[in-house]
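Step one of this worksheet: look at the structure below.
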Amino acid sequence: MAVMNMVQAINSALDVKLADDPSVIVFGEDAGLEGGVFRVTEGLQQKYGEKRVFDTPLAESIIVGSGVGMAINGLRPVCEIQFDGFMYPAFNQIISHAARMRLRSRGTYSVPMVIRAPYGGGIRALEHHSESMEALYAHIPGLKVVIPATPYDAKGLLISAIEDNDPVIFFEPKKIYRAIKQEVPEGEYRIKIGKAAILQEGDQLTVVAYGAMIRTVQQALQKAKKDGLSVELIDLRTIYPMDADTIINSVKKTGRLLVAHEAPRSFGPAAEIIALVNEEAFLHLEAPPARVTGMDTVVPLPKGEDLYFPDADRVYDAIKRTIDF
Amino acid sequence: MVTTRASTKYMTEEQAMLFNAFDPLSGKRLQVMDEKGDIVDAKWMPDLPDSKVVEAYKVMLYARIADTKSVSYQRQGRLYTLPSNMGQEAAAVGSAMALEKIDWMVPAYRELGAWLVKGATMLHYFLYFGGSEEGSRYPEGTRLLPVSVPISSQLCHAAGIAHAAKYRGDREVVITYFGDGGSSQGDFHEASNWAAVYELPVIFFCNNNGYAISLRRDKQTKSKTIAQKAIAYGMPGIQVDGNDFFAVYRATHEAAKNARDGNGPSLIEAVTYRRGSHTTSDDPTRYRSADEEKAWEAKDPMIRLRKYLEKKKLWDEDREKKHIEEATSDIDRQFKQFEATAAPTVEDIFKYQFDEMPDSLKKQMVELRNFINRKEG
C-alpha cells in the first residue's frame, strides 16, 4: 500500500475511474495541462489524453451546465470548480437543473455528475477562498454533499460519488489537502455515501464533525482524554443524505451532543443535526445540545481568520461545558 | 468577392455559400417565400418533395389549433399558465423538420410545433401545462428534453449533449431554442463560447419574436441583429425570416449538415412575432399597439404557406376543413385522456428525486402518507 496525502488519494480515485470506465471524463479550469491549481488532477491528461481530461474556458456556469448535458447523453462527468467560492455562477445550473433533471423527466434523464471543489478555510487565502457553504447545497433537494476528512476516505468516497447515479457535490477541505498522510490502497475500493464513521468511542458526549474540523476535534480530544473525559467522535463524511442512525444511536448512549463545523452557525448543518437529535432522542438528553461553529459574518481575511474558525481550545471548552452541564 | 470568415472556412463550398451570402454584418435576411406565398429567392429553396411541405403545413395547422384550444382551456381553468406559440409555427416546425431522428432537441418553452415533430404528443403537453411532471416523460429515445424555464440555461445542456456525442464520435446534432431576451443571458455567452471552442455539433436557434415579455427587442441589445453575435464566438450566424417555413428549413438544414460534418456550431436568428401573449398571465396590450399586431397578422406563417400550397394545387378549402376536423378530434381525444389521468400519489412526488431514496426521504414519505391516511380516516 502506498502512503498518500488527500491530493494524491483524490488523484488516485480519478485515475482508477478513468482507467475503469470510458464514460468518465474530467475537466475544469486549469485541470488539464497543469493538473489544477492544487495539482489534484496532475498527470491525468498526460495519461488519458486531452479528450478525457481537459482545460475549460473560464466559465463556471457552463462547466456545470455542460456536465448536465454530458450526463444526460451517457457520460459521467467529473468537473472541478477551482474554489468553492467560485461556484455561485454555476448555482443556477446546480439547483435548477442538475438537482432536478431526474424528477422533472420522471426518470427519463438523470445527472450522474460529480462537482469537485477545494473547500473551507485555514490556508491564509484571498477573499472568497475560505468559506464553508455546504449547507446551501445540502438544503437543495436532489443533491448529495460529501466532505472527506482523510486521504483514505477521500478516495473511497470519490469513487462512490463517480459511480452514483445522481449529482454529488464533493468538497475537498483544502486545509488538509497535504496535512495528513495515510496508507491508501492503489486499486479500487468504495466508501458508501450517506454512512458516517465512529472514529472514537466514548460514553459521556457525542461530537459530530466532518472535513478539516475532524483534526481540530481530535486535538481537543487528546486534552479531554487527559482530563478523563470519555467522548465519542463521529465523522459525518456525508452531509446529505445524513447518517441519522449513527448519530441518534450514539446520543442515546452518551446523552449529550456537540456539533463542530467551520460553517456559519445560523441554519447550518449543526442546526439540522440538533433538530434531528431533539426529534429522535429527546428523552435521552442530559444537557442542551451544543455547537461550535464559524460566525454569522463573512470570513475575515487572513489576519483575522484565527478568531473566526473554531480551534481545539474552543472545541475543548464546549466539550467541557456540555459534559459539566 | 465574398469574404470568407474564419468561422466558415471549414465548410464545404455549398454550405459556406449560404452563410457567406447572408453574412450577419451584411444586413441581409434570408427569405425564400414572401407574404403572398410566392418564391422570391429560388436559389435557396430547400429540396423538399411536395408531400413533405404538405406535411409541414399540416403540423403547423395542428399546432395552431392545439395552441388556440389550450389557451381557451386555460381560460376555463382546465389548464394552468401556458405560453402560446401562435405566430411562431414556421420557426418551430421548419427547424425541427430539418433534423434527423438521432438528433437532440433542447427546448425553452415556446416551441410546440417543434416538440410535436420530435415525437411529443398533445397528451404530454396537456399533462405538463395541466400541472404534472408526467408530461415530460417522453418515450424512450425521443431525444427531446423537458421544458427549461430559467432563460437560456438550457443552452449549456445542448453544448454538453453535443460534447458527449463528439466524444463518442456519434453523428448526432443538437438543436436548442431560446429567445431574443435569452440572448442577454450569461449562459448564452458561455454556451456559445464553449460550443465554438470545442467545435461541437450545436444549432443555437433564436426565436426573435420581438419581445421578452414586455421588453422590445431594440431595448434588449444594442446589436443590430442577434445573428451577428455569432461572429464574436467564431461561428457562422444567419438571420432568416422566421415566418417563412422554407427559409427556416434551409438554414437549419445547412447548419445541421455543417455540424454533422464536424465543423461545429452555428447561430440562427429567426425573426418572427409572438402573436399571443407571453403566457396566459400576460396582457400584451400594455406594451404593444393593435396596429403592430395587425401588421404582423398579415405576415403570419400559416397564411403564406397555405397560399403557396394552394397555388401549387396541393391544398384547398376542402382539405383545410378536413384537416381542421381531424386535428380537432385528435386534440379533443387527448385532452379527454389528460382530464381522465389520475392525480399523482404521495409515492410519485418522492420516488424520482434520487435513484435510490435516502432513508430521511423515506421517513418523510411515510409520515406524509400516514397523515393523509389518518385525515381520510
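Among the residues of the stretch A:67-105, just one is away from chain B (no Cβ under 13 Å) and of a type in the set (G, A, S), namely A:G85.
The listed residues are B:P139, B:P146, B:P150, and the only one of them that is under 19 Å from B:N209 (Cβ atoms), within 14 Å of chain A (Cβ to nearest Cβ) and either of a type in the set (D, E, K, R) or in a loop (DSSP other than H, G, I, E, B) (or both) turns out to be B:P150.
Selection of the stretch B:1-56 for residues being more than 18 Å from B:Y233 (Cα to Cα) and hydroxyl-bearing (S, T, Y) yields B:T12, B:S51.
Does the stretch B:103-114 contain any residue that is in a helix (DSSP H, G or I), more than 10 Å from chain A (Cβ to nearest Cβ), within 20 Å of B:A251 (Cβ to Cβ) and in contact with a strand residue (DSSP E or B) (Cβ under 9 Å, 6 or more places away or on another chain)? Yes - at least one qualifying residue is present in the stretch B:103-114. Would a scan of the stretch B:91-102 turn up a residue that is in contact with a strand residue (DSSP E or B) (Cβ under 9 Å, 6 or more places away or on another chain) and outside any helix (DSSP H, G or I)? Yes; the residues of the stretch B:91-102 include at least one that is in contact with a strand residue (DSSP E or B) (Cβ under 9 Å, 6 or more places away or on another chain) and outside any helix (DSSP H, G or I).
For A:V217, the conditions (1) touching a helix residue (DSSP H, G or I) at 6+ places or on another chain (Cβ under 6 Å); (2) closer than 17 Å to A:Y119 by Cβ; (3) crowded, with 24+ Cβ neighbours inside 10 Å are fulfilled apart from (2).
Residue-wise test of (1) more than 14 Å from chain A (Cβ to nearest Cβ); (2) surrounded by fewer than 13 Cβ atoms within 10 Å (Cβ to Cβ).
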{"residue": "B:R306", "(1), (2)": "yes, no"}
{"residue": "B:E325", "(1), (2)": "yes, yes"}
{"residue": "B:F335", "(1), (2)": "yes, no"}
{"residue": "B:P358", "(1), (2)": "no, no"}
{"residue": "B:M365", "(1), (2)": "no, no"}
{"residue": "B:E376", "(1), (2)": "yes, yes"}
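A single member of B:D67, B:D23, B:D50 is more than 22 Å from the chain's Cα centre (by Cα), among the acidic types (D, E) and more than 23 Å from B:R260 (Cβ to Cβ), and it is B:D50.
Name the one entry in A:I198, A:I248, A:I191 that is over 30 Å from A:L14 (Cα atoms) and not polar (S, T, N, Q).
Values: A:I198 fails: over 30 Å from A:L14 (Cα atoms); A:I191 fails: over 30 Å from A:L14 (Cα atoms).
Going through A:I198, A:I248, A:I191 in turn, the sole match is A:I248.
Among the residues of the stretch A:15-29, those identified as away from chain B (no Cβ under 14 Å) and out of contact with any strand residue (DSSP E or B) (no Cβ under 6 Å at 6 or more places or on another chain) are A:D15, A:V16, A:A19, A:D20.
When the stretch A:282-313 is filtered for residues that are free of Cβ contacts under 8 Å to residues at least 24 places away in the same chain, of a type outside the set (D, E) and either surrounded by 19 or more Cβ atoms within 10 Å (Cβ to Cβ) or part of a helix (DSSP H, G or I) (or both), the ones remaining, listed by number, are A:F282, A:L283, A:K303, A:G304, A:L307.
Of B:E254, B:E269, all but one fail to be assigned to a strand (DSSP E or B) and touching a residue at least 60 places away in the same chain (Cβ under 8 Å); the exception is B:E269.
For the stretch B:163-179, the set of residues classified as crowded, with 24+ Cβ neighbours inside 10 Å and either closer than 12 Å to B:F204 by Cα or of a type in the set (D, E, K, R) (or both) consists of B:V173, B:V174, B:I175, B:T176, B:Y177, B:F178, B:G179, listed by residue number.
Among the residues of the stretch B:156-187, those identified as more than 10 Å from every other protein chain (Cβ to nearest Cβ), under 17 Å from B:L145 (Cβ atoms) and either in contact with a Leu (Cβ under 6 Å, 6 or more places away or on another chain) or not in a helix (DSSP H, G or I) (or both) are B:V173, B:I175, B:Y177, B:F178, B:G179.
Checking every residue in the stretch A:5-13 against the condition of being in contact (Cβ under 8 Å) with a residue 24 or more places away in the chain and over 20 Å from the mean Cα position of the chain (by Cα) gives zero matches. Which one of these is in a loop (DSSP other than H, G, I, E, B), surrounded by 23 or more Cβ atoms within 10 Å (Cβ to Cβ) and not assigned by TED's automatic domain parsing to the domain that holds A:F38: A:G202, A:G211? From the options A:G202, A:G211, the qualifying one is A:G211. Scanning the stretch A:106-139 for residues that are within 14 Å of chain B (Cβ to nearest Cβ) and within 16 Å of A:R265 (Cα to Cα) yields A:A138, A:H139.
Confirm whether B:S26 is farther than 27 Å from B:K224 by Cα, loosely packed, with under 15 Cβ neighbours inside 10 Å and hydroxyl-bearing (S, T, Y).
When the stated conditions are applied, B:S26 does not pass them.
Every listed requirement among (1) surrounded by fewer than 20 Cβ atoms within 10 Å (Cβ to Cβ); (2) touching a helix residue (DSSP H, G or I) at 6+ places or on another chain (Cβ under 6 Å) is met by A:G49 save one, (2). Filtered by the rule that a residue be touching a residue at least 24 places away in the same chain (Cβ under 8 Å) and at positive phi, the stretch A:214-260 gives A:R237, A:G255.
The values are calculated or read from the model by the stated rules, or taken from the named source; none is laboratory data. What you see is a predicted model, and the numbers here were worked out from it, not measured in a lab. Note that we place each Cβ from the backbone using ideal geometry, even for glycine, and neighbour counts take in every protein chain shown.
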